[in-house]
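Here's the structure, in structure tokens; my notes come after.
The values are calculated or read from the model by the stated rules, or taken from the named source; none is laboratory data. This is a predicted model, so every value here is computed, not measured. All Cβ positions, even for glycine, are placed from backbone atoms using ideal geometry, and neighbour counts span all protein chains on display.
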Amino acid sequence: MTRTALVTGARRGIGKAIALELARAGFDVAVMDLAISDELQSVADNIKSLGRNSVAVAGDIANTKGHDAILDAATAALGPLTTLVNNAGVSVMSRGDLLDVSTESFDRCLDVNTRGTFFLTQAFARQLLRSQLEGHRSIITISSSNAVAVSVTRGEYCISKAGASMMSKLFATRLCNDGIGVYEIQPGFIETDMTAPSKARYDKLIEEGLTVIKRFGRPEEVACIAVTLASGLLPYTSGQIIQADAGLLTVRY
């Protein structure tokens, strides 16, 4: 069976790294972003240069009516999908006092990070069950350490990621006896465009002991974890959370 994956938010950062690492592991990969840009097409071209099939797909996961079209476009190009990586997400519109959070920023985080991710996962799960493919199939959600750890200046983001974390547990429970592995990765401080504005601040805190491993993580390290999960290398598990956070959430005293 050819292993095929759809990675959302694959234009750059963690999503791009996961898409490329999946290709190196033998997956054909559909890469998705809001629009077909030169950056997104470059990711697809890089995958092809690794000897795997790839297609760039445009879509907004906040638009639930477009989910079937996203899956259909990926399937038409690659064949039946075996893996979904929920990586697309947004941060807050602006950091600030929890008492000043706007409905616009709150709704944006929930629409993409929670609601959109939930319904794309639902549509993908239905497709998997209809296809009756053999072999390991998987759904991997990239959430955040903020699904657990409070960041009071980004309250709406924390809430949205906590919701995505619960979503992963729910689908894991629903699908585990259908041979579908559902997992969550909670990245901590990873070097991406999203974390770049606050990197200097967190570099100092990390050096002072905020994390056990005293450095930022790399997207490629998160990608290695995702490939392990997509490859079925954690047998007899359901709904596991992998904290790729350098020990940020480790209780210490």
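Can you tell me how many residues within region 56-91 are within 18 Å of the chain's Cα centre (by Cα) and more than 23 Å from T228 (Cβ to Cβ)? Steps first, answer last, please.
The first filter runs over region 56-91 and keeps only residues within 18 Å of the chain's Cα centre (by Cα), leaving 56-64, 67, 70-71, 74, 81-91.
Retained after the next criterion (residues that are more than 23 Å from T228 (Cβ to Cβ)): 56-64, 67, 70-71, 90-91.
The qualifying residues number 14.
Can you say whether G247 is surrounded by fewer than 22 Cβ atoms within 10 Å (Cβ to Cβ), closer than 21 Å to I14 by Cα and free of Cβ contacts under 8 Å to residues at least 60 places away in the same chain, as far as the supplied structure shows? Here the answer is yes, as G247 does meet what is asked. Comparison of S42, S94, S138 shows that the only residue that is crowded, with 21+ Cβ neighbours inside 10 Å, of a type in the set (S, T, Y) and either more than 17 Å from the chain's Cα centre (by Cα) or not in a helix (DSSP H, G or I) (or both) is S138.
Inside region 144-166, residues that are in contact (Cβ under 8 Å) with a residue 12 or more places away in the chain, in a loop (DSSP other than H, G, I, E, B) and farther than 16 Å from A88 by Cβ make up a count of 2.
Just checking, which of V182, V152, V148, V222 is exposed (fewer than 15 other Cβ atoms within 10 Å of the Cβ), under 23 Å from C109 (Cα atoms) and either in contact with a helix residue (DSSP H, G or I) (Cβ under 6 Å, 6 or more places away or on another chain) or modelled with pLDDT of 95 or more (or both)?
Values: V182 fails: exposed (fewer than 15 other Cβ atoms within 10 Å of the Cβ); V148 fails: exposed (fewer than 15 other Cβ atoms within 10 Å of the Cβ); V222 fails: exposed (fewer than 15 other Cβ atoms within 10 Å of the Cβ).
Step by step, each of V182, V152, V148, V222 is checked, and only V152 is exposed (fewer than 15 other Cβ atoms within 10 Å of the Cβ), under 23 Å from C109 (Cα atoms) and either in contact with a helix residue (DSSP H, G or I) (Cβ under 6 Å, 6 or more places away or on another chain) or modelled with pLDDT of 95 or more (or both).
Each row is one residue, and each column tells you yes or no for (1) modelled with pLDDT under 95; (2) under 17 Å from I18 (Cβ atoms); (3) part of a strand (DSSP E or B).
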site: A30; (1), (2), (3): no, yes, yes
site: I47; (1), (2), (3): no, yes, no
site: D68; (1), (2), (3): no, no, no
site: A76; (1), (2), (3): no, no, no
site: F118; (1), (2), (3): no, no, no
site: A125; (1), (2), (3): no, no, no
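All told, L233 falls short of being in a helix (DSSP H, G or I), loosely packed, with under 14 Cβ neighbours inside 10 Å and free of Cβ contacts under 8 Å to residues at least 12 places away in the same chain.
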